[in-house]
Amino acid sequence: MEKKEYRSAARSRKMIRQAFFEILKEKSFEKITVTDIVKRADVNRSTFYAHYPDVMGVVEEIQEEILEYTQNFMDNINFKDFYENPKPYLQSIVKLVAENNELYRLLMTSAMATKQLDKLKYIIIERTLETLEGTNRFESRFELEFATRFFMGGVVDVYTQWLNGVIDCSLEDLTDQLANMLLYVTSVSKRE
């Protein structure tokens with residue numbers, strides 16, 4: 001009996017989330033109501049409220065999944081050679097974004113976008129710092145932290161602008177441009 005109830009609850013959550021994403025393509029997040037979602041998902045209000053307190057509850061659950069997925073993804077990347085050849089690392093981030101494009105767009109469009117972006121930047125920066133610790137590229141921990149926060153914060157911001165439609169180019173062109181810029185800046189700093 002428990003398995004049937006679990007499957008039914010999982011199916012309801014999936015239908016609610018799917019309806020939410022469909023509606024998000026038609027109207028802004030702030031204008032989506034519980035009524036919109038239950039009509040589209042073809043579930044009753046009590047089913048919705050059994051899983052979520054409100055529309056923001058749906059958003060928060062999705063955002064937490066995005067952050068958890070990003071953390072797991074980043075845990076499998078070693079940034080040791082990031083400053084020598086950033087392109088493979090940027091391509092890994094692009095792959096993550098491309099595979100979850102709608103989810104990341106949602107992250108950018110909600111009222112909590114700034115808070116969530118800060119968490120996303122923190123995950124990327126901390127993972128980068130962990131794997132660069134002990135390399136001889138920087139003279140001090142301060143230099144390592146400063147460069148990593150500067151570059152990775154910028155990388156996240158540029159991809160965010162692309163997701164929001166501010167930057168008009170392909171994801172591949174954007175990644176090439178970022179990699180070239182990072183290589184140029186780090187090669188200039190080596191010469192000085």
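The values are calculated or read from the model by the stated rules, or taken from the named source; none is laboratory data. Quick caveat, the model's predicted, so the values are computed rather than measured. Reconstructed Cβ throughout: ideal geometry from the backbone, glycine too, with neighbour counts over all protein chains shown. Accessible surface is based on the protein model in full, side chains and every heavy atom, while ligands, DNA and RNA are left aside. Shrake-Rupley method; radii C 1.70, N 1.55, O 1.52, S 1.80 Å.
When segment 151-179 is limited to residues that are of a type in the set (S, T, N, Q) and under 15 Å from Val97 (Cα atoms), the one that is surrounded by the most Cβ atoms within 10 Å (Cβ to Cβ) turns out to be Thr175. Of everything in segment 67-88 that is in a helix (DSSP H, G or I), touching a residue at least 12 places away in the same chain (Cβ under 8 Å) and not charged (D, E, K, R), the residue that is nearest to Lys31 (Cα to Cα) is Leu67. Taken over segment 36-57, the criterion of being open to solvent by 70 Å² or more (accessible area, probe 1.4 Å) and under 19 Å from Glu102 (Cα atoms) is satisfied by Arg40 alone. Which residues, taken from segment 131-150, are within 28 Å of Asn101 (Cβ to Cβ) and either in contact with a helix residue (DSSP H, G or I) (Cβ under 6 Å, 6 or more places away or on another chain) or open to solvent by 70 Å² or more (accessible area, probe 1.4 Å) (or both)? Matches in segment 131-150: Thr148, Arg149, Phe150.
If I filter segment 29-46 for residues that are touching a Lys or Arg at 6+ places or on another chain (Cβ under 7 Å) and in contact (Cβ under 8 Å) with a residue 24 or more places away in the chain, do I get at least one hit? No: segment 29-46 contains no residue that is touching a Lys or Arg at 6+ places or on another chain (Cβ under 7 Å) and in contact (Cβ under 8 Å) with a residue 24 or more places away in the chain. Per the listing Thr33, Thr70, the residue uniquely surrounded by 12 or more Cβ atoms within 10 Å (Cβ to Cβ) and over 30 Å from Ile124 (Cβ atoms) is Thr33.
Scanning segment 51-66 for residues that are modelled with pLDDT of 85 or more and assigned to a helix (DSSP H, G or I) turns up His51, Val55, Met56, Gly57, Val58, Glu61.
Note on segment 170-192: among residues that are in a helix (DSSP H, G or I), polar (S, T, N, Q) and under 22 Å from the mean Cα position of the chain (by Cα), the one that is modelled with the lowest pLDDT is Thr175. Listed conditions (1) in a helix (DSSP H, G or I); (2) at pLDDT below 85; (3) of a type outside the set (Ser, Thr, Tyr) are all met by Gly165, apart from (1).
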